[in-house]
Structure formats: structure tokens, C-alpha cells
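Below is one structure; the comments refer to it alone.
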Amino acid sequence: MMEVFVYGTLKPKERNYSAYCAGKVINSKTAYTRGHLYHLTALGYPGLTEGEGWVKGILLTFNADYDIRLLDSLEDYQPGRAAEENEYQRRRIPIYNLERELICEAWGYVMTPAKIAFHGGVWLPSGCWTSSDRE
């Protein structure tokens, strides 16, 4: 099994879930991680940075045979490429339950503050993104 924390277009009912996750996820649950969430207005999706705030998302548990390189491709992340050339960095991040108790570490895609600024990120103080934020 492999766990990935998603907070944008890979969440159930969002635009990339069916292509990348449907039929491959064996469990999903609402969860939190620490950081700050930004809406990248021109791109229509969010970016997560490290920080002390709370970001709400979904913890997806994938089948054991799921190839995370599919998500890496969507998120424009290549492990061997220089960090500044990647859109996101894939790293292990702490995951918390609804009571904000640490439950595990999972893969997550994090953006640098420089990338957020480059894309004109708008801070989402709620720590939650939906496709309606694109409007």
C-alpha cells in the first residue's frame, strides 16, 4: 500500500481524480497536514508550502502496485532533476486526523515559496481548496 495526501485536483470529485486515482484507491479519508495553501489563479490549482498552518485534504491509500510516477508526471516532479526545475517537490509529510493528532507520514507534493510567488499564489486562510476557487 502507498499513501498520498492530496489537497487539490486529485481529491475525489475534482478534475484529475478519475484519470489518476479512480479504481486504484482502496481507502480515502479526510486529513490535515501542516503548511499554507495558495490558489494559483492563472493555473487553476493550488500549491502547498511548508508552514505552521493547517491544510485540509484527503489521505488516499493506493493499491500496492500503483506507480507513483503517474502522479509525479502530473505534478511535474522528477526525482533526479534539480529542485528549482520541478513544479512540486514530492516528500514525506506528517498527516493528522480530524482531531489534529499525528497519524502517519505520507507522500505529498509541496511547492517552494518562490514557485508560489512566481505563479501569483493567493493565500487560502481556510487551508482548503476546491475547484470553485478557480472562479
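Only the coordinates and a few stated rules stand behind these numbers; no lab work does. Keep in mind the model is a prediction, meaning the values are calculated, not measured. Cβ placement follows ideal geometry from the backbone for every residue including glycine, while neighbour counts extend to all protein chains displayed.
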With θ taken as phi - 60° and the coefficients 6.51, -1.76 and 1.60, list the Karplus ³J(HN,Hα) couplings across region 33-45 in order, rounded to whole Hz; mark glycine and proline as x. 9, 8, x, 10, 10, 10, 8, 8, 3, 5, 9, x, 8
Using amide H atoms built 1.01 Å from N in the peptide plane, name the residues 5+ places from Tyr45, or on other chains, whose amide H lies under 5 Å from its own. Leu40
Normalised alpha carbon radius of gyration of region 2-134 [divisor 2.2 N^0.38 Å]: 0.97
Zone residues, region 18-54, relative to Met2, backbone N less than 14 Å from point 7 Å out along Cα-to-Cβ: 20-22, 24-26
For the chain, set up a Gaussian network in which alpha carbons nearer than 10 Å are linked by springs, and say which option among Arg100, Arg34, Arg81 fluctuates the most. Arg81
Which order, highest average first, do 35-42, 15-22, 63-70 follow once you tally other Cβ atoms within 10 Å for each residue and take the mean per peptide? 35-42, 15-22, 63-70
Explain nothing, just the number: dipole magnitude of the chain about its Cα centre with +1 on each Lys and Arg Cβ and -1 on each Asp and Glu Cβ, in debye rounded to the nearest 20. 220 debye
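Assign unit charges at the C-beta atoms only (+1 for Lys and Arg, -1 for Asp and Glu), then state the dipole size of region 12-73 relative to its Cα centre in Debye, rounded to the nearest 20. Mind showing how you got there, number by number?
Numbers: 7 positive and 6 negative charges, 48 e Å.
Roughly 240 debye, rounded to the nearest 20.
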